[in-house]
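K.L.:
Have a look at this one before I ask anything.
Values quoted throughout were computed directly from the atomic coordinates according to the rules given, and no laboratory measurement underlies them. All values reported here derive from a predicted model rather than from experimental measurement. For neighbour counting, all protein chains shown are included, and Cβ atoms are generated from backbone atoms with ideal geometry for every residue, glycine included.
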Amino acid sequence: MTRAEILKHEILRQYRSVRAFALDMEIPYSTLVTALERGIEGMAYDTVIRICDKLCLNPVDFSSLERGAYLGNKLLENRVMQKYLKLNEEGRAKILDLMDDFAQMDKYKCSAPKKAK
């Protein structure tokens, strides 16, 4: 399945029509239909990101993201994990220790902690 086909499938699965999705996204219907028919390669990057975010799709491989997951958070998590996985066992242990230390300091605590998944 091409990326355009994946998008169209998800749009129709989550909305009653492509037109309804275009209206909700405030994208011209003709622009969306053209992209879905000819491929999304010519579509503006920020538009593709907004569409993926709305449909809960990863913009890299167009796989499903968890409902309620914000794309920016998922991309950040992915970036952190890629760097973490490059470390050896000692480096990973050191990073986890540092994270524990920082998590205990009020200065670095998140005002609204996210639930672990």
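K.L.:
Give me the percent relative contact order of the chain, please, defined on Cα pairs under 8 angstrom at least 6 residues apart.
P.N.:
Numbers: 61 pairs, mean separation 17.7, N = 117.
Worked out over the chain, it gives 15 percent.
K.L.:
Pulled fully out, how much extra length does the chain show between residue 33 and residue 18, if you take 0.36 nm times their separation in residues and subtract their Cα-Cα distance?
P.N.:
On the way: separation 15, 0.36 × 15 = 5.40 nm, distance 0.76 nm.
Length gained, residue 33 through residue 18: 4.6 nm.
K.L.:
Between residue 47 and residue 110, what is the label-to-label distance in nm when each label sits 7 Å out along the Cα-to-Cβ direction?
P.N.:
3.3
K.L.:
Still on this model: Let's test this: bin the Cα-Cα distances of the chain at 5 Å from zero up to the farthest pair and state each bin's percent.
P.N.:
Bins of 5 Å from zero give 2, 9, 17, 18, 14, 10, 9, 7, 8, 5, 1 percent of pairs.
K.L.:
Indicate the gyration tensor shape class of region 3-55 (rounded, prolate or oblate), computed on the Cα atoms with a ≥ b ≥ c the square roots of the eigenvalues: a/c under 1.5 is rounded; otherwise a/b larger than b/c is prolate and the rest oblate.
P.N.:
Numbers: a/c = 1.30, a/b = 1.23, b/c = 1.05.
In terms of gyration-tensor shape, rounded.
K.L.:
Would you tally the net charge around residue 62, using a Cβ to Cβ cut-off of less than 10 Å, leaving residue 62 out, and scoring K and R as +1, D and E as -1?
P.N.:
Details: positive: 3; negative: 5, 10, 61.
Value of the local net charge: -2.
K.L.:
Simple spin-label model, 7 Å along Cα-to-Cβ: residue 93 to residue 75 in nm?
P.N.:
3.6
K.L.:
Now for a different question. Amide H neighbours of residue 57 under 5 Å, at least 5 residues apart or on other chains, H built in the peptide plane: list them.
P.N.:
65
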